[in-house]
Amino acid sequence: MSNPILKVENLHVNFNTYAGTVQAIRDVSFDLNEGETLAIVGESGSGKSVTTKTLMGLNAKNASIPDNSRLLFKDRNLLDLKESEWQSVRGNEIAMIFQDPMTSLDPTMKIGMQIAEPLIKHRQMKKEDALARALELMKGVGIPNAEGHINDYPHQWSGGMRQRAVVAIALAADPEILIADEPTTALDVTIQAQILNLMKDLQKETGSSIIFITHDLGVVAGMANRVAVMYAGKIVEYGTVDEIFFNPQHPYTWGLLNSMPTTDTQVGSLEAIPGTPPDLLMPPKGDAFASRNVYALAIDSKEEPPFFRVSDTHYAATWLLDERAPKVTPPLQIQKRWARWQEIQGQEA
Amino acid sequence: MWKYILKRLLLLIFTLFLVITVTFFLMQIMPGTPFNNPKLTPEALAQLKTTYGLDLPLWQQYLNYLIGAAHGDFGTSFQYQNQPVSMLIGQRLPVSAQLGAQALVVGVIAGLFMGAASARNKNNKIDGTLGVISTLGISIPSFILGIVLVYVFGFKWPLFPVSGWGDSFSQTILPTIALAVSPAAVTTRFVRSEMIESLGSDYVQLAKAKGLSAKEIVNQHAYRNSMIPVLTLIGPMAAGLLTGSTLIEQIFSIPGIGQQFVLSIPSKDFPVIMGTTIVYSAMLMVMILITDILTAIIDPRVRLQ
Ligand SMILES: Nc1ncnc2c1ncn2[C@@H]1O[C@H](COP(=O)(O)OP(=O)(O)OP(=O)(O)O)[C@@H](O)[C@H]1O
Ligand SMILES: [Mg+2]
């Protein structure tokens with residue numbers, strides 16, 4: 001299982017703007033294992049999308065990445081690739097599912113053709129063969145009566161059906177890594193569940209690895225094997241789903257869990273984390289979360305916390321884990337949630 | 001589709017009827033008379049008025065005109081004696097139509113290329129230069145351009161003939177350019193902004209994520225999406241060409257309806273003025289109808305109803 005297909009090492013991404021340099025990604029490292037789903041969660045602006053765009057070589061023109069950053073995939077550093085080499089990675093070895101199905105399909109091109117395009121490009125297929133394969137893919141993502149709809153245009157389809165087409169496009173060339181950047185936020189709840197189930201089923205068939213971006217921890221539990229929590233351009237905690245949900249160590253993770261909507265409103269509050277993320281033009285010294293952290297220690301404003309090991313798979317960057325730190329227990333609200341989850345699990349078992 | 005076209009054609013006929021009515025009565029307000037030769041005796045004048053039916057009461061003249069128009073008879077010219085207006089226009093219309101069509105095709109095609117080049121080089125020198133050119137192209141009236149072209153290529157470096165029509169294709173070059181500049185400039189600006197929008201769209205982002213090259217993205221996605229809206233410009237551009245051509249035909253001595261129109265006004269040649277106005281309106285409406293039909297054929301999102 002823990003056989004990394006992608007290693008991200010010391011990734012930094014800066015954006016040059018008129019106001020100065022935005023340090024959007026500040027030293028991010030993580031592995032993606034073969035066949036797993038890694039969820040990246042975090043508030044808006046924490047750098048999730050910039051991370052995924054970097055993995056596709058699709059960052060904005062004003063982005064700059066220092067030389068010591070590395071994206072190791074199949075014995076090469078993707079950051080060394082020329083544009084033409086990137087083109088043979090994109091949509092082929094690493095593919096992406098976009099957020100908004102209403103705008104991500106070309107309104108003037110037949111859907112079948114849009115699914116066939118990556119095959120024509122990467123598999124050098126003839127148009128007819130690619131369209132035949134597109135039809136299979138349409139069936140595979142659950143489009144009813146696919147034969148009758150292969151020549152449809154996007155405006156003839158609902159949002160949920162279009163997102164299925166977007167999934168089919170991403171899967172067309174059978175990529176090793178699938179990146180899904182909030183693939184369901186634009187859809188209503190029942191359709192969301194359908195698309196997520198579809199992705200899980202397809203992953204079982206193809207064995208591809210998924211990087212799943214979301215700011216909704218609620219979907220993470222059912223989708224991911226592991227979770228990385230991002231804050232202000234850094235990963236602050238990562239571990240297996242169980243570790244993040246039942247044994248979170250970083251106060252920011254506590255805050256995220258606390259703001260997670262539950263079906264049961266009596267348990268837990270639907271509170272957003274108070275305060276706002278720091279300005280990435282001038283990231284603060286020390287722990288970037290300190291100013292919003294009720295458990296902040298004196299050292300937080302002076303020195304950046306390193307990763308402390310919780311288990312072989314679980315690490316968190318907070319001074320609270322230092323042996324000299326006072327012992328704190330997670331807030332009451334979270335403890336209530338755990339009790340409730342355990343109850344539910346007990347009922348289900 | 002056919003039902004829609006039929007509906008539009010009926011609407012077109014109704015609009016033409018309104019155009020005829022309004023022009024007919026406006027014509028009565030126009031001061032002066034077509035027969036202003038001081039040598040005409042009152043008897044001869046009365047004689048002329050009877051010949052042309054101008055002695056009848058106004059409502060009867062109007063009815064006669066309508067009935068005639070419905071049969072394709074637009075009266076006889078006062079100026080060119082005994083020449084039916086339909087024949088005068090019939091001879092000249094193909095000339096004007098050719099000039100207009102050439103200018104439109106050249107202008108739109110040039111605009112498509114320049115607009116796309118501008119968008120793909122956004123904010124650099126190429127874009128800046130094309131921006132200046134298109135601003136000039138929009139703001140300089142075509143007749144001034146025509147005069148400049150006549151001076152430069154007719155007298156300074158006599159490369160092209162500067163007058164006449166029908167003897168050689170080279171005669172059409174300068175007037176076509178003079179007329180094409182404005183549609184080219186309008187199309188350039190329009191395509192530029194459409195293309196920039198398209199290149200920043202989510203579907204282009206997805207096309208990049210598919211691994212397509214910049215060239216493939218432009219050819220397979222951005223071009224079609226930014227060209228469809230250009231169709232909506234063709235109607236207004238055709239209107240601009242109609243008015244532009246009246247002066248251009250004068251400058252280059254082209255025997256088109258524009259020239260005839262201009263000549264017919266000072267001589268108060270009512271039937272010719274009326275006939276030309278009707279032809280202009282009809283051409284414009286047909287152009288708009290054609291672009292609407294084309295849009296429906298090319299743009300999958302548009303349905304005619
Ligand atoms: N081209 C750019 N120029 C300048 N700053 C940028 C650029 N792209 C992203 N940023 C900044 O980088 C930071 C991270 O943005 P990113 O889009 O990755 O956030 P996110 O975690 O995906 O948020 P969301 O949940 O809202 O999608 C933000 O502060 C954003 O303003
Ligand atoms: Mg994002």
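A few notes on this one:
- In summary, helices (runs of 4 or more DSSP H) completely within the stretch B:181-290 and bearing 3 or more residues that are open to solvent by 10 Å² or more (accessible area, probe 1.4 Å) and within 13 Å of chain A (Cβ to nearest Cβ) occur at B:202-209, B:214-217, B:223-227.
- Selection within the stretch A:42-53 - touching an Asp or Glu at 6+ places or on another chain (Cβ under 8 Å) and more than 6 Å from ligand 1 (Cβ to nearest atom): A:T52
- Against the test of being over 14 Å from the mean Cα position of the chain (by Cα) and either among the hydrophobic types (A, V, I, L, M, F, W, C) or under 17 Å from A:F30 (Cβ atoms) (or both), the options A:I211, A:I273 yield a single qualifying residue, A:I273.
- Which listed residue is in contact with a helix residue (DSSP H, G or I) (Cβ under 8 Å, 6 or more places away or on another chain), open to solvent by less than 60 Å² (accessible area, probe 1.4 Å) and in a loop (DSSP other than H, G, I, E, B), from B:L66, B:L16, B:L12, B:L54: B:L54
- Test set (1) within 14 Å of another protein chain (Cβ to nearest Cβ); (2) more than 16 Å from ligand 2 (Cβ to nearest atom); (3) buried (at least 21 other Cβ atoms within 10 Å of the Cβ) - A:N62 fails condition number: (3)
- Residue within the stretch A:77-87 that is open to solvent by 10 Å² or more (accessible area, probe 1.4 Å), within 16 Å of ligand 2 (Cβ to nearest atom) and modelled with pLDDT of 95 or more present: no
- Lone unmet requirement of (1) of a type in the set (A, V, I, L, M, F, W, C); (2) within 14 Å of chain B (Cβ to nearest Cβ); (3) within 15 Å of ligand 1 (Cβ to nearest atom) for A:A173: (3)
- Some residue of the stretch A:56-77 being within 16 Å of ligand 1 (Cβ to nearest atom), in a helix (DSSP H, G or I), in the same structural domain as A:A173 (by TED's automatic domain parsing) and closer than 26 Å to A:L119 by Cβ: yes
- Residue match in the stretch B:143-161 (condition: assigned to a helix (DSSP H, G or I), within 17 Å of B:V191 (Cβ to Cβ) and at pLDDT 90 or above): no
- A:G57 being under 17 Å from A:L78 (Cβ atoms), small (G, A, S) and more than 16 Å from ligand 2 (Cβ to nearest atom): yes
- Single residue of the stretch B:205-229 satisfying the filter (of a type in the set (A, V, I, L, M) and touching a Ser or Thr at 6+ places or on another chain (Cβ under 6 Å)) that is nearest to A:L178 (Cα to Cα): B:L206
- Condition met for A:G35 (at positive phi and either part of a strand (DSSP E or B) or away from ligand 2 (no atom under 16 Å from the Cβ) (or both)): yes
The values are calculated or read from the model by the stated rules, or taken from the named source; none is laboratory data. A quick note: this is a predicted structure, and the numbers were derived from the prediction, not measured. Note: ideal-geometry Cβ built from the backbone for every residue, glycine included; neighbour counts use all protein chains shown. The accessibility values were calculated without ligands, DNA or RNA, using every heavy atom of the protein model including side chains. Shrake-Rupley method; radii C 1.70, N 1.55, O 1.52, S 1.80 Å.
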